[in-house]
Amino acid sequence: MRGQRTIDREVLHRMNETQHHRGPDEASIYTEPGVGFGHRRLSVIDIASGLQPMGNEDGSVMVCYNGEIYNYRELTVELLALGHQFRTRSDTEVIVHAWEEWGAACVQRFRGMFAFGLWDRKQQTLFLARDRMGVKPLYYAMLPDGFLAFGSELKALRSLPGLPRAIDPQAVEDYFAYGYVPEPRTIYRGALKLAPGFTLTQVVGAAPAEPRRYWDVPFKPHAPMSQQVAAEELVARLRDAVKVSLVADVPLGAFLSGGVDSSAVVAMMAGLGGAPVNTCSIAFKDPAFDESRYAAQVAAQYRTRHHSGSVDTDDYGLLDTLAGLYDEPYADSSAIPTYRVCQLARQRVTVALSGDGGDENLAGYRRYRYAMAEHSVRGRIPSSLRQPLFGALGRYYPKADWAPRMFRAKTTFEALARDLVEGYFHGVTIMSDAMRAQLFSPSFRAGLQGYRALDVMRGHATGAPTDDPLSLIQYLDMKTYLPGDILTKVDRASMAHALEVRVPLLDHELVEWISGLPAGMKLQGGEGKYIFKKSLEAHLPHDILYRKKMGFAVPLAGWFRGPLRERVREALLGPLLADTGMFNTGYLRELVEQHQCGRRDYSAPIWTLLMFEAFLRKEAAA
């Protein structure tokens, strides 16, 4: 978007085609002086007439959109009553008329997942918006020539010859702490992510606009209610969130891992429709990683049409594929089985519901339990004594990262010396502050000018709408790990197969209500998701609800000592990482040698470095 300048349709076409996988059904481009939109369509609603970019009656408002507005039918009725005319039955057209009626406040009316760019010719305004939880991605860049470019994936911006592609050192620091680059940064200084719950309104000729928040998780306490009342209302609200997620004109199903969250979604789906639910799961050949029997148990209970695929635990051939999917360094190795389950699901359905978001919403992660235990100890010891005492113990106690967490006293001592936010950050990092200090070269550390990845969480904590300790760390995850890792993983893995994934546990109305529950209903007696599990006892077997959580584990440690041994040495000790000047090559060698001789388990740091090296190779080849 830039004044009255001509848009290069070839460049726009090239941007559009980088995202062919996201929408293989149709493609279209729209241009007018100074403005160009391109769209790849995955047909889900109004297959016949939902082609984008889509405009209003006189073409003065155009939209390019990714996602689903679940309440579009209700909004259509409301907008028709206000005098708007519709030519389609699509949710896309609702966005156009909602903008005409309510302006930037239109996003407050939408229930669903969305990322869109809207051009209003009369107001000479480009409006970008991303859904409240960040289910759908949106990248943008203000280019040196004055154009504002945006796209669903970073690869669309990377195809622009004018995009500055200098790597952002702060994003590198973030990546080696978190395993991903948290919003709003990208790996490039010249591009940004629009954060969840934000919009950006850019007027032609005006100074570059700053994003504005339109929604946040409220954590507003409810009036007191009994556990029984809370459990009953939780199930009713979950059923409603699932119900609104079922709108589609194409085959629809669900992921079923056999865990609490996906099983709950399938249970609600089975109670809402007449036809059997299509369910998909992945079985691992190694029984230590396999949960398929639990998925089969739920499938049998609800008589679903169940499809299970098998994944070899040595499925490491996807490493380079993942580097191309994610466009920037991304180190969650569970992207491998996620990619495979999406591949399996797409053989049967076009839309799949997932159980993502339950752990963040309802305090399901074990790390919440550890963080609250540590916080309880902190509260009993004055900080004037706690910080020097546990700080010294943390420095001098031997490291035992090979041992179960309860025996890793060094880690516990280090956490107790910190406050809640820093302690939580310390607990979730892939590479600790001390490890990153050794990893980076002196010149790279100097270039950070004191910046630390902790600053990301500190910033979110400063603006948090709650001071309850459990709610605060849930909030931190909702701002970092959930959009930056979980939702990014699922979006890229699913859209690589032209599969749309919907996330009913992240329906914003459900999230708002759950956030108001007392912390003790979420984490009670060391049991995460306490009220959720209680509410589902009438719907799911006890061993589904209360078994130990497994997740999509990948046997990295064995790979790096066995079949990927040489790949690790070539990548971490080769010239590509060394030539960046970012790394201490001696420490890279120490990581490799200590892991491969079996003295330490450095599998997570090594995977993080492997994915960074794979990203650099993609960059060099571009």
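For A105 and N71, FRET efficiency with R0 = 22 Å and r from the beta-carbon atoms, rounded to 0.05?
Calculated value: 0.90.
In Å², and per residue, what accessible area does the chain have when probed at 1.4 Å with the other protein chains present?
Heavy-atom SASA per residue in the chain reads 39 Å².
Could you go through segment 19-33 in sequence order and give the Karplus-derived ³J(HN,Hα) for each residue, using 6.51 cos²θ - 1.76 cosθ + 1.60 with θ = phi - 60°, rounded to whole Hz, and x for Gly and Pro?
Per residue, the Karplus-derived 3J(HN,Hα) values read 10, 3, 4, 6, x, x, 7, 8, 9, 7, 10, 10, 9, 8, x Hz.
What span do the alpha-carbon atoms of segment 1-90 cover on each of the three principal axes, reported in whole Å from largest to smallest?
The Cα atoms of segment 1-90 stretch 40, 31, 17 Å along their principal axes.
Divide the volume of the convex hull of the Cα atoms of segment 318-384 by its number of residues and quote the answer in cubic angstrom per residue.
Values: hull volume 9.9 nm³, N = 67.
Convex hull of Cα atoms, per residue: 147 Å³.
Go through segment 335-340 residue by residue and turn each phi into a ³J(HN,Hα) via Karplus (6.51, -1.76, 1.60, θ = phi - 60°); whole Hz please, and just put x for glycine and proline.
Once θ is set to phi - 60°, the couplings for segment 335-340 become 4, 5, x, 5, 4, 5 Hz.
Give me a comma-separated list of calculated 3J(HN,Hα) values for segment 428-435, in order, Karplus coefficients 6.51, -1.76, 1.60 applied at θ = phi - 60°, integers in Hz, x for any Gly or Pro.
Whole-Hz 3J(HN,Hα) from phi for segment 428-435: 9, 5, 6, 10, 5, 3, 5, 5.
Quick check on packing: order 495-504, 525-534 by the mean number of other C-beta atoms within 10 Å, highest mean leading.
In decreasing order of mean packing, 495-504, 525-534 become 495-504, 525-534.
One quarter of the convex hull surface, Cα atoms only: what value does that give for segment 229-344 in nm²?
So the Cα hull casts an average projection of 9.2 nm².
Can you list residues whose amide H is under 5 Å from F440's amide H, if they're 5+ apart or on another chain and H is modeled 1.01 Å from N?
N584
With a Förster radius of 45 Å, plug the Cβ-Cβ distance of R9 and Q228 into 1/(1 + (r/R0)^6) and report the FRET value to the nearest 0.05.
According to the calculation, E is roughly 0.15.
Among 565-571, 49-55, what's the highest-first ranking by average C-beta atoms within 10 angstrom per residue? List each step's numbers first, then the result.
On the way: 565-571: 15.9, 49-55: 19.7.
The densest-packed peptide leads the list: 49-55, 565-571.
Which shape class applies to segment 543-603: rounded if a/c is under 1.5, otherwise prolate when a/b exceeds b/c and oblate if not, where a ≥ b ≥ c are the square roots of the Cα gyration tensor eigenvalues?
Verdict is prolate for segment 543-603.
I need the peptides 150-163, 214-227, 25-38 ranked by packing, meaning the mean over residues of other C-beta atoms within 10 angstrom, with the highest value on top.
By packing density, highest mean first, the sequence is 150-163, 25-38, 214-227.
Determine the share of the chain's accessible area contributed by carbon and sulfur atoms, expressed in whole percent, with a 1.4 angstrom probe.
52 percent
Working from the alpha-carbon coordinates of segment 72-118, get Rg over Rh, Rh being the Kirkwood radius.
My calculation puts Rg/Rh at 0.91.
Which values of log₁₀ I(q)/I(0), to two decimal places, follow from the Debye formula for segment 458-529 at q = 0.20 Å⁻¹ with a uniform point scatterer at every Cα?
-0.97
Could you tell me the extents of segment 463-622's C-alpha atoms along the three principal axes, largest first, rounded to whole Å?
So the extents along the principal axes, rounded to whole Å, are 55, 36, 36.
Given C-alpha coordinates of the chain, what is the ratio Rg to Rh with the Kirkwood estimate of Rh?
0.95
If you restrict to DSSP beta bridges whose two residues both lie in the chain, what percentage is antiparallel, to the nearest 5?
70 percent
Need the full-extension length gain, K285 to E590, defined as separation in residues times 0.36 nm minus the C-alpha distance. One decimal, nm.
106.6 nm
Accessible area of Y70, 1.4 Å probe, to the nearest 10 Å²?
Rounded to the nearest 10, that gives 30 Å².
How would S60, S432 rank on accessible area, largest to smallest, probe 1.4 Å?
Result of the area sort, largest leading: S432, S60.
Please state, rounded to one decimal and in Å, the Kirkwood hydrodynamic radius that segment 295-351 gives when every pair of distinct Cα atoms enters the mean of 1/r.
On the way: mean 1/r = 0.0756 Å⁻¹.
Computed over Cα pairs of segment 295-351, the Kirkwood hydrodynamic radius comes out at 13.2 Å.
Dividing the convex hull volume of the alpha carbon atoms of segment 38-104 by its residue count, what do you get in Å³ per residue?
Numbers: hull volume 5.9 nm³, N = 67.
It comes to 89 Å³ per residue, whole-number rounded.
Of K243/K285; K155/K549; K243/K534; K285/K533, which pairs sit farther than 25 Å apart, going by alpha carbon to alpha carbon?
Too far apart for the 25 Å limit: K243/K285; K155/K549; K285/K533.
How many nm is it between the label spots at E17 and Q124, if each spot is 7 Å from the Cα in line with the beta carbon?
3.4 nm
Which Rg and Dmax, in Å, describe the Cα atoms of segment 135-174?
Here Rg and the maximum Cα pair distance are 11.1, 31 Å.
Please work out the FRET efficiency for the pair R617 and R189, using the Cβ-Cβ distance as r and a Förster radius of 22 Å; give the result to the nearest 0.05.
Computed FRET efficiency for R617 and R189 comes out at 0.60.
Is the C-alpha gyration tensor of segment 1-155 telling us rounded, prolate or oblate? Criteria: a/c under 1.5 is rounded; beyond that, a/b larger than b/c is prolate, otherwise oblate.
Judged from the Cα gyration tensor, segment 1-155 comes out prolate (a/c at least 1.5, a/b above b/c).
Cα-based Rg of segment 444-490 per 2.2 N^0.38 Å, rounded to two decimals? Walk me through the intermediate numbers first.
Numbers: Rg = 13.0 Å, N = 47, 2.2 N^0.38 = 9.5 Å.
Computed over Cα atoms of segment 444-490, the ratio equals 1.37.
The values are calculated or read from the model by the stated rules, or taken from the named source; none is laboratory data. In this text the structure is predicted, and so the values were computed from the model without any measurement. Virtual Cβ from ideal backbone geometry, glycine too; neighbours counted across all protein chains shown. Please note that ligands, DNA and RNA were not included when accessible areas were found on the heavy atoms of the full protein model with its side chains. Shrake-Rupley method; radii C 1.70, N 1.55, O 1.52, S 1.80 Å.
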